[in-house]
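Notes follow once the structure below has been shown.
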Amino acid sequence: MSNQMTIYDISKKAGVSIATVSRVLNGSTNVKPKTRKKVMDIIEQYGYKPNAFARGLGLNSMKTIGILCADASDLYLAKALYYIEQNLRENGYNSVLCCTGYEMDSRKESLNLLLSQHVDSVVMVGSNFIMNNPEDNMYVNDAAASVPIMLLNADYDCNNVYCTLCDDYKATQDATEKMLNAGLRNILYLYNSNSYSGLKKLAGYQSALLSHDIAVKKELLQCFKGSNEDIDGVKNFIEKLYLKGVKFDGIIASDDFLAVGAMNFARANKIKVPAELQIIGYNNSILTHCSEPPISSIDNRLEDMCIQLVKTLIGTLSQNEMPQKTIFSGELIERGSTKL
């Protein structure tokens with residue numbers, strides 16, 4: 001039994017939080033004697049042997065954080081890795097990075113590899129680590145039984161999982177509202193992901209249309225399935241819709257690379273931006289300055305989110321009670337591709 005037992009099991013059986021169990025294991029004086037006895041009795045009953053995480057920031061802390069990222073070549077994820085790693089280093093922590101790709105088996109293998117190296121915590125960068133099917137998320141629950149799990153831009157309710165995210169739904173809803181209020185009626189929504197974040201953005205777009213009594217047209221919801229570096233592919237994808245007779249006076253893209261492809265489409269077809277077509281991207285990345293005119297984009301506060309994530313992580317490892325969810329508001333940064 002002792003091999004299977006985790007700090008999570010101890011907390012459940014004792015009816016106390018994981019942080020309380022950790023305080024007991026660390027010999028903290030900040031625990032009531034009655035509570036300490038209850039926890040110690042269960043630890044003795046099951047022969048539990050604490051791992052490095054359970055002993056917190058004592059002598060056994062590895063001072064190392066595991067980071068999982070699907071694709072480090074993605075501009076958004078690469079920037080997030082930079083901010084997180086930089087903040088961890090400033091707080092005296094090293095990091096170990098695993099690039100998992102998007103396959104479930106690879107995610108699980110990478111996570112198990114990090115846990116086997118006794119990292120103090122695991123950061124999952126990007127919303128693609130949380131799936132729509134609850135069974136597919138059990139690997140996160142299992143890992144959270146050993147170490148705190150930090151999610152960037154995903155929302156997941158589980159003990160010892162901490163989420164830092166942007167309200168992508170509201171940000172996309174607000175941007176769509178601005179286009180509608182400027183008189184645009186046929187707004188193409190271009191996206192490339194059905195991740196948690198991707199679905200929230202899509203729902204925000206649909207909600208804005210419905211609040212204006214505008215039907216959501218199937219031909220104006222378009223998913224580009226190519227690589228996030230294939231900007232020519234995006235241009236050709238939109239061009240095919242245009243040649244088929246799909247009419248649109250605005251484009252909202254779920255990622256800036258899609259918006260750059262939209263700008264290239266407009267230029268190739270001599271469509272004036274913003275006079276005849278208005279375009280909004282997402283992430284407010286360097287790509288927004290790679291077009292003429294520069295592209296309006298939703299800033300989802302990536303640097304602020306990463307700073308907050310590390311702050312939550314450090315607080316959790318120091319056995320402080322930290323918020324399990326921190327939500328930031330996105331903001332539309334207007335440039336020459338819109339006149340709202």
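Multiplying the residue separation of residue 181 and residue 267 by 0.36 nm and removing their Cα-Cα distance gives an extension gain of 28.4 nm.
P(r) for the chain, please, calculated from all Cα pair distances in 10 Å bins and given in %. Going from the shortest bin to the longest, the percentages are 5, 24, 28, 19, 13, 8, 3, 0. From helices alone, the chain scores -12500 deg cm²/dmol at 222 nm; the rule is -39500 (n - 2.57) for each run of n ≥ 4 DSSP H residues, then divide by the residue total. Mind jotting down the distance between the C-alpha centroids of segment 230-248 and segment 271-340, whole Å? So the separation of the two Cα centres works out to 26 Å. Result for the chain in a Gaussian network model with C-alpha springs under 10 Å: among 183, 245, 226, the largest mean-square fluctuation is at 245. For the residues 152, 210, a 1.4 Å probe over the protein chains yields an accessible-area ranking, largest first, of 210, 152. Loop-located trypsin sites (Lys or Arg not before Pro) in segment 258-335 (DSSP state not H, G, I, E or B) with no more than 13 neighbouring Cβ atoms inside 10 Å: 270, 272. With 19 Å as the limit, the listed pairs 170/201; 201/225; 217/270 have 217/270 beyond it between alpha carbons.
With both residues required to sit in segment 225-340, DSSP beta bridges show an antiparallel share near 35%. Over the chain, accessible surface divided per residue gives 46 Å², non-protein components excluded, 1.4 Å probe. Beta bridges assigned by DSSP with both partners in the chain are antiparallel in approximately 10 percent of cases. Note on the chain: GNM, Cα springs under 10 Å; of 246, 273, 24, the largest mean-square fluctuation is that of 246. Between segment 94-149 and segment 150-206, what is the C-alpha centre distance in whole Å? When both Cα centres are located, 23 Å separates them. Using a probe of 1.4 Å, the accessible surface attributed to residue 105 totals some 110 Å² when neighbouring protein chains are kept in position. Length gained on full extension, residue 170 to residue 89, computed as 0.36 nm times the residue gap minus the Cα-Cα distance: 25.9 nm. Scanning residues 5 or more positions from residue 67 or on other chains, those with amide H under 5 Å from its amide H are 96, 97, 98, 123, with H placed 1.01 Å from N in the peptide plane. Both radii come from the Cα set of segment 184-340: Rg as radius of gyration, Rh as Kirkwood radius; their ratio Rg/Rh reads 1.04.
The values are calculated or read from the model by the stated rules, or taken from the named source; none is laboratory data. Since we're looking at a predicted model, the values are computed, not measured. All Cβ positions, even for glycine, are placed from backbone atoms using ideal geometry, and neighbour counts span all protein chains on display. These accessible areas exclude ligands, DNA and RNA; they are computed on the full protein's heavy atoms, side chains included. Shrake-Rupley method; radii C 1.70, N 1.55, O 1.52, S 1.80 Å.
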